[in-house]
Amino acid sequence: MAVIPNQGSTGGGDAVTLTGTHFTGTTSALYGTRRAASFTVLSDSTTATVTPSGRGAVPVSVTTPGGTGVVGSFYYLPPPSFRLTTPPAGPLTGGNTATLTGLGLYTTYEILFGAQAAAFTVDSDGQLTVTVPAAASAGPVRITVRTRGGTAGGIVYTYLNSPSLTAVTADKGPVDGGNLVVITGAAFTYTNGVTFGGTPAPSWRIASDTEIHALLPAGALGPVDVSVLTLGGTATASDAYTYLGRFAVLGGASVTNTGPTEVTGDLGVSPGVSVTGFPPGQVHGTVHITDADALQAHADLTATYNTAVAQLPDAELAGDLGGQTLTPGVYNAPTSLALTGTLTLDAQGDRNAEWIFQVGSTLTTATASRVVLVNSADARNVIWQIGSSAILGTDTAFTGRILALTSITLNAGATVHGQALAINGSLTLDTNTITRPW
């Protein structure tokens, strides 16, 4: 004889089949002292019943004209309860694991996320491990757990769209890290990580669903991928951030100085070995003379120079830049360029706007000339690739990263908000101020 199934809800209403002998003429079926909500004799050996409400373990008995017999036992189970212990959200594709903990879960036979059935494993009466099913669209759904003891629900799980990444601002900074950038995109609310070149950001915060503020880790010179990891997936922008070097001044053959020059950033020489005039010049950084850092900086400078040379120009320049206003782009001057007066670089509100000036031979500025940045333009995004030498006139206020194949000369009082880097020749200073802008 058997009671199948032998477990059910305290509220009753479960279909239970009794098997045995001599059921013909059954007049009642009892669960403990309570009559079955209904019963139907299917054959002399089978009776279908619907359980009444009850509690605990009770005997199941059948009464016929021939007497009363106990068929077996039925166990009333309390209704389940559960909570979601892992993050309450995940990707539309599903496949991630969720853990449900609670009570009365041992007899679970179905779990639904919305209307979608989920595969699961019963770990114990207090825990279920669930593989989240896929969904057709993003948004919240309710989790339903069905057990022999009843049904529990009300817990919400949210399906998420995959994130997207549109911009990193500012998109350049020091190899030492420590600077703050803003990452814009979409579906950032459930972000659980931000990486730069695979290295986790030391700290970050979700400003909104479309914006993250992140502190940069240290990195290697050059461009790196930026990734935002969310519960809905990962968004990666290739080469979206560029690490820039520590050097404000670098000479290929030598660095010479006259007067109280101020250099903010590292100063070095490679492959030459001569640095003179410090003091009276002051370096607010480290001086490197053909050491490992200077050798690497020289190699990195050469690579950056070659990359700038390889860019396809958007427009050609000739003569004097004075009085012009230029928007972002790649500008090519086949021979020499001059600057008399003021050159204005207009970023038009884009902090990541870039300028590359490809100068075939020399760049020469007149006394008191200026390069002015407006509308969010940034000195770190201005490259002056000089095919021969750069000569800045007295009291010139220059902006950008000067990458000269041969030499750089800064006359008295000239200032550079950027870098002065010479690959093969000398860098000559005279009472100047050079400030690395990061």
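The values are calculated or read from the model by the stated rules, or taken from the named source; none is laboratory data. Note that the structure is predicted; figures quoted are calculated from it, not measured. The accessibility values were calculated without ligands, DNA or RNA, using every heavy atom of the protein model including side chains. Shrake-Rupley method; radii C 1.70, N 1.55, O 1.52, S 1.80 Å.
Points worth noting:
- For the stretch 123-211, the Kirkwood hydrodynamic radius from C-alpha pairs, put into Stokes-Einstein at 20 °C and a viscosity of 1.002 mPa s, yields a diffusion coefficient of 128 µm² per second.
- Per residue, the convex hull spanned by the Cα atoms of the chain amounts to 162 cubic angstrom.
- Coordinate range along principal axes, alpha carbons of the stretch 304-438, Å, largest first: 35, 29, 27
- Each Cα pair under 8 Å and six or more residues apart adds its sequence gap; the mean of these over the residue count of the stretch 1-111 is a relative contact order of 25 percent.
- 3J(HN,Hα) along the stretch 354-362, derived from phi through the Karplus expression 6.51 cos²θ - 1.76 cosθ + 1.60 where θ = phi - 60°, amounts to 10, 10, 10, 9, 9, 9, x, 10, 10 Hz, with x in place of Gly and Pro.
- Rolling a 1.4 angstrom probe over the protein heavy atoms with all chains in place gives the chain an accessible area of 42 Å² per residue.
- Here the accessible area of the stretch 327-382 is 46 percent carbon and sulfur, with a 1.4 angstrom probe and all protein chains present.
- With Cα atoms, 0 to 90° folded angle of helix 292-309 axis to the chain main axis: 90 degrees
- Computed 3J(HN,Hα) for the stretch 66-76, one whole-Hz value per residue from the Karplus formula 6.51 cos²θ - 1.76 cosθ + 1.60 where θ = phi - 60°, is x, x, 10, x, 8, 7, x, 10, 10, 10, 7, glycine and proline marked x.
- For the chain, relative contact order (Cα pairs under 8 Å, six or more residues apart, normalised by length) works out to 9 percent.
- Of all accessible heavy-atom area on the stretch 47-193, the percent that carbon and sulfur account for (1.4 Å): 55 percent
- Computed over the Cα atoms of the stretch 251-324, the ratio of the radius of gyration to the Kirkwood radius (Rg/Rh) comes to 1.12.
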